[in-house]
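Visitor: Take a look at the following structure, please.
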Amino acid sequence: MQDKISLVVGGYKIENFISYTIDSDLYVADDAFSLELANPEVKVFPGLQCELWVNDKCELTGIIDKVTSSYDKSGRKLRVEGRDLMGLLTDSYCEEFITIQGMKLKALAERLLKKVPFINRKNIEYQENITGKLKSKKTSHISLFDTAQNFGQIEPGMTIAETLKEYSHSRGMMFWSKSDGTLVFGRPVVSGEPSFYLINLKDGKENNIIEGEHVEDISKQYSKITVMGQQQGTDATPAAANSTKATVMNDVVRFYKPLVAKNNNDSQSPAMHARMLKEKMKHEGFQLHYKVAGHSQQADNYAINTLCHVDDEIFEIKETYLIYGRTFEMSKDKGAVTSLRLGYPGVVQ
């Protein structure tokens, strides 16, 4: 099946491209796109909201950042570049420099997003069953959305995206945007049936992989991860009583290599921060990169935050992984291809 791509902007649909790159990454705040058009018939301006459709499915909702017009002997050309709606949040700086100690995540998100255009604040998703441990004799688990923490102060120079990302990380969650522009607070997919299958067998009969790369790296990993914190107390409270500390071990590194970090948010944060650091190291230490023909499999477009089963006899891998990054590309020499970046499921970073 030939892939069908369209850019919808200002009520018009553009479908003829010389080349394009449409990138999505679960761990990158703003997804970007670049499209090259020949002899464009529609006037396109920076600042317009747009949608990118792939095989009749909306794969990116965003804003045009840059338009470059040119011409040569073959005619006029137009390059259109932009990002998804998260680009607004990475560009927009906080205007209120307030103490948000005791503020819950939903309240903070609603306050920071109040003036941001194009964002549908009514459809923000707060994933259910996101819980964490609480140091209490009566309660062992709490809802991380309903619990305030001592995140502290919004400082000048902080963007909306980094503020919400930091608050989310202190609760062991992530903050990202879906293809339709819906904002999500939660965790990546952990388990379930795979949506896609990548195959590279030595007999070559069912292979669908063009090229692959397997990365194993311990340069940024540590065998012991300790996060320490200091909580605010009273004058009568000894400083040691307000100290918090959490340690996790990482057996991937076979020799002693310690990391010590600081997190003063609250009593829960050091433990969650330590686990998140371990997950981040795990993700950075093992990655799979594949390139396949076309943009879909069994009529479904390749998508981030979905599971993919890999059967690769060259790398001796037969396992299910998370698609965390996906790039749709088309050029005259390569045709339509998709680059997929795979890692461990459920990793927060």
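The values are calculated or read from the model by the stated rules, or taken from the named source; none is laboratory data. Predicted, not measured: the structure shown is a model, and the values here were computed from it. Note: ideal-geometry Cβ built from the backbone for every residue, glycine included; neighbour counts use all protein chains shown. Side chains are part of the model used for accessible areas, which takes the heavy atoms of the whole protein and leaves out ligands, DNA and RNA. Shrake-Rupley method; radii C 1.70, N 1.55, O 1.52, S 1.80 Å.
Here is a yes/no grid of residues against (1) free of Cβ contacts under 8 Å to residues at least 12 places away in the same chain; (2) under 19 Å from SER179 (Cβ atoms); (3) in contact with a helix residue (DSSP H, G or I) (Cβ under 6 Å, 6 or more places away or on another chain):
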| site | (1), (2), (3) |
| --- | --- |
| SER269 | no, no, no |
| HIS283 | no, no, no |
| HIS295 | no, yes, no |
| ALA299 | no, yes, no |
| GLY335 | no, no, no |
| VAL347 | no, no, yes |
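Visitor: Of everything in segment 243-259 that's open to solvent by 30 Å² or more (accessible area, probe 1.4 Å) and either touching a Gly at 6+ places or on another chain (Cβ under 7 Å) or of a type in the set (S, T, N, Q) (or both), which residue is modelled with the highest pLDDT?
Guide: THR247
Visitor: For segment 24-35, how many residues are surrounded by fewer than 19 Cβ atoms within 10 Å (Cβ to Cβ) and over 16 Å from ASP91 (Cβ atoms)?
Guide: Selection size over segment 24-35: 3.
Visitor: Then there is this: How many residues does segment 287-300 contain that are open to solvent by 10 Å² or more (accessible area, probe 1.4 Å) and either among the aliphatic types (A, V, I, L, M) or more than 17 Å from the chain's Cα centre (by Cα) (or both)?
Guide: The qualifying residues number 8.
Visitor: Six or more apart or on different chains, Cβ atoms under 6 Å: show the pairs whose first residue is in segment 79-90 and under 15 Å from LEU7 (Cα atoms) and open to solvent by 10 Å² or more (accessible area, probe 1.4 Å) and whose second is assigned to a strand (DSSP E or B) and basic (Lys, Arg).
Guide: Pairs found: GLU81/LYS66.
Visitor: Please note which strands (runs of 3 or more DSSP E) are completely contained in segment 1-110 and include at least 2 residues that are charged (D, E, K, R), in contact with an Asp or Glu (Cβ under 7 Å, 6 or more places away or on another chain) and more than 29 Å from LEU322 (Cα to Cα). I'd like the intermediate steps shown before the answer.
Guide: Values: elements: 5-9, 12-14, 19-25, 32-38, 49-54, 57-72, 75-84.
Here the list reads 57-72, 75-84.
Visitor: Could you pull out the residue among ASN55, ASN39 that is of a type outside the set (A, V, I, L, M) and modelled with pLDDT under 95?
Guide: Only one candidate passes the filter, namely ASN39.
Visitor: Of everything in segment 316-335, what is buried (at least 18 other Cβ atoms within 10 Å of the Cβ) and over 30 Å from SER170 (Cα atoms)? Give them in sequence order.
Guide: PHE328, GLU329, MET330
Visitor: Quick one: would you say GLU313 is farther than 21 Å from ARG187 by Cβ, under 21 Å from the mean Cα position of the chain (by Cα), open to solvent by 30 Å² or more (accessible area, probe 1.4 Å) and modelled with pLDDT of 95 or more?
Guide: It is false that GLU313 is farther than 21 Å from ARG187 by Cβ, under 21 Å from the mean Cα position of the chain (by Cα), open to solvent by 30 Å² or more (accessible area, probe 1.4 Å) and modelled with pLDDT of 95 or more.
Visitor: In this structure, does LYS73 turn out to be within 28 Å of the chain's Cα centre (by Cα), more than 17 Å from ILE5 (Cβ to Cβ) and among the basic types (Lys, Arg)?
Guide: When the stated conditions are applied, LYS73 does not pass them.
So that you can scan it fast, the table gives a plain yes or no per residue for (1) at positive phi; (2) aliphatic (A, V, I, L, M); (3) at pLDDT 90 or above:
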{"position": "ASP84", "(1), (2), (3)": "no, no, yes"}
{"position": "SER92", "(1), (2), (3)": "no, no, yes"}
{"position": "THR99", "(1), (2), (3)": "no, no, no"}
{"position": "LEU105", "(1), (2), (3)": "no, yes, no"}
{"position": "LYS122", "(1), (2), (3)": "no, no, no"}
{"position": "LYS135", "(1), (2), (3)": "no, no, no"}
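Visitor: Hand me the list of strands (runs of 3 or more DSSP E) wholly inside segment 163-218 holding 2 or more residues that are open to solvent by 10 Å² or more (accessible area, probe 1.4 Å).
Guide: It comes to 174-177, 196-200, 209-216.
Visitor: Looking at segment 36-57, which of its residues are under 24 Å from ASP91 (Cα atoms) and either in contact with a Lys or Arg (Cβ under 8 Å, 6 or more places away or on another chain) or open to solvent by less than 40 Å² (accessible area, probe 1.4 Å) (or both)?
Guide: Passing the criteria: VAL44, PRO46, CYS50, LEU52.
Visitor: Sort through LYS262, LYS280, LYS291 and tell me the only one that's charged (D, E, K, R) and at pLDDT 90 or above.
Guide: Step by step, each of LYS262, LYS280, LYS291 is checked, and only LYS291 is charged (D, E, K, R) and at pLDDT 90 or above.
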